[in-house]
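Quick notes on the structure that follows.
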Amino acid sequence: MTENQIKTKNRTQTKLVLDVLIFIAFLIAMEPRSSGIPIHEWLAISILAVLVVHLLLSWDWIVQTTRRFLGKLNTQTRLNYLLNWSLFIDVMLLMLSGLVISEVVMPTLGIGLPRNFAWRGLHEFSANLFIILLGLHTALHWSWVADTFKRYVFQPIGRVFSTNAKKDVSA
Amino acid sequence: MKTLGRILIILTAFVLVMGITYTVVSAANTASSSTGTPTFEGGEGLPRPQGVQPQFPNGERPEFPGGEGREFRGDRGGGFGWILGAVKNMGIVAIIVAAVVWLKNFQRKRDRETQQVSE
């Protein structure tokens, strides 16, 4: 395996682990009634930090697509690019409205912001929109998700079982 | 250094989107409050009509049985509620993924058939 291939493999594995973590964190953060406000708020802020890493890992694709957006580009990539921007803006709306209506994080930091119904409404709207956009984002990357899971999760597990089976037969 | 620059660009985008949103929502709030639509500093509850005082036994507001009683307090539902919510969110994502993947496959199949017919 060349150095480049190893680099790509490591990057793909990191991306997979990170995406799974973001998804699990999102499932927990989306249920503040059960997880509690402190977990909801601090977890959301950690997701923001992980999102920066997610964007850094996709940096080359973002730069290339931005450059070619007005030129020659296939429909799916263009759609994907627009959807990713929508998702980015929606996450920002979700985070900002969450920070404004925050009951734990902002008071802990000693920051008081004027709250009202508009921010709560915006928070709920952007949270509902986020689920839909996340579904579309996952759908457009489904072949990558399925391939990566197969290569780095299912196949290694299958190999472990087949090795154990061979050991049992030889014993 | 390259990574730091990229992080800075991402954070600038964060701040830009958040700044624009904050300005727009604050401006909309100011406009609505000047036209008489009520906004509340506390963010919750309806305004009390003028001259009307709340009536509680002993003159004090009774505590809610479950504590403060605000939305999202975090002590409702328990573990089962969390699982139901997570399953619901996962279900929505799964339905969207299944629908889009099915549509994409259907479109690809149709394109292939059209290509075969034209050949």
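The values are calculated or read from the model by the stated rules, or taken from the named source; none is laboratory data. These figures come from a predicted structure and were not determined experimentally. With ideal geometry, Cβ positions are generated from the backbone for all residues, glycine too; neighbour counts draw on all protein chains shown. To get the accessible areas, we keep the full protein, side chains included, count just its heavy atoms, and leave off ligands, DNA and RNA. Shrake-Rupley method; radii C 1.70, N 1.55, O 1.52, S 1.80 Å.
Values computed for the structure shown
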| item | result |
| --- | --- |
| Descending Cα extents along the principal axes, the stretch A:1-159, whole Å | 55, 43, 25 |
| Computed P(r) (all Cα pairs; the stretch A:91-156; 5 Å bins; percent) | 4, 16, 16, 14, 11, 9, 9, 9, 7, 3, 1 |
| Unsatisfied cross-links (Cα-Cα over 26 Å) in the set A:Lys150/B:Lys104; A:Lys15/B:Lys109; A:Lys7/A:Lys166; A:Lys9/A:Lys167; A:Lys72/A:Lys150 | A:Lys15/B:Lys109; A:Lys7/A:Lys166; A:Lys9/A:Lys167; A:Lys72/A:Lys150 |
| Listing of the stretch A:104-121 residues, each with accessible area lower by at least 50 Å² in the full protein assembly than in the chain alone (probe 1.4 Å) | A:Arg115, A:Asn116, A:Phe117, A:Trp119, A:Arg120 |
| Helix axis angle, A:155-170 relative to chain A longest principal axis, alpha carbon, degrees | 40 |
| Whole-Hz couplings from phi, Karplus 6.51/-1.76/1.60, listed for the stretch A:135-141; x for Gly and Pro | x, 5, 4, 5, 4, 6, 10 |
| Chain A, relative contact order [Cα under 8 Å, separation at least 6], % | 22 |
| For the stretch A:3-140, accessible area per residue (1.4 Å probe, heavy atoms of protein chains only), Å² | 52 |
| Label-point gap, in nm, between A:Val50 and A:Asp147 - each point 7 angstrom along Cα→Cβ | 2.4 |
| FRET efficiency, A:Thr65 to B:Asn105 (Cβ-Cβ, R0 30 Å, nearest 0.05) | 0.80 |
| Portion, in percent, of the accessible area of the stretch A:8-151 that falls on carbon or sulfur, probe 1.4 Å | 69 |
| Residue mean of other protein chain beta carbons inside 10 Å, A:28-40 | 5 |
| A/B buried area, accessible surface, summed, 1.4 Å probe, Å² | 4200 |
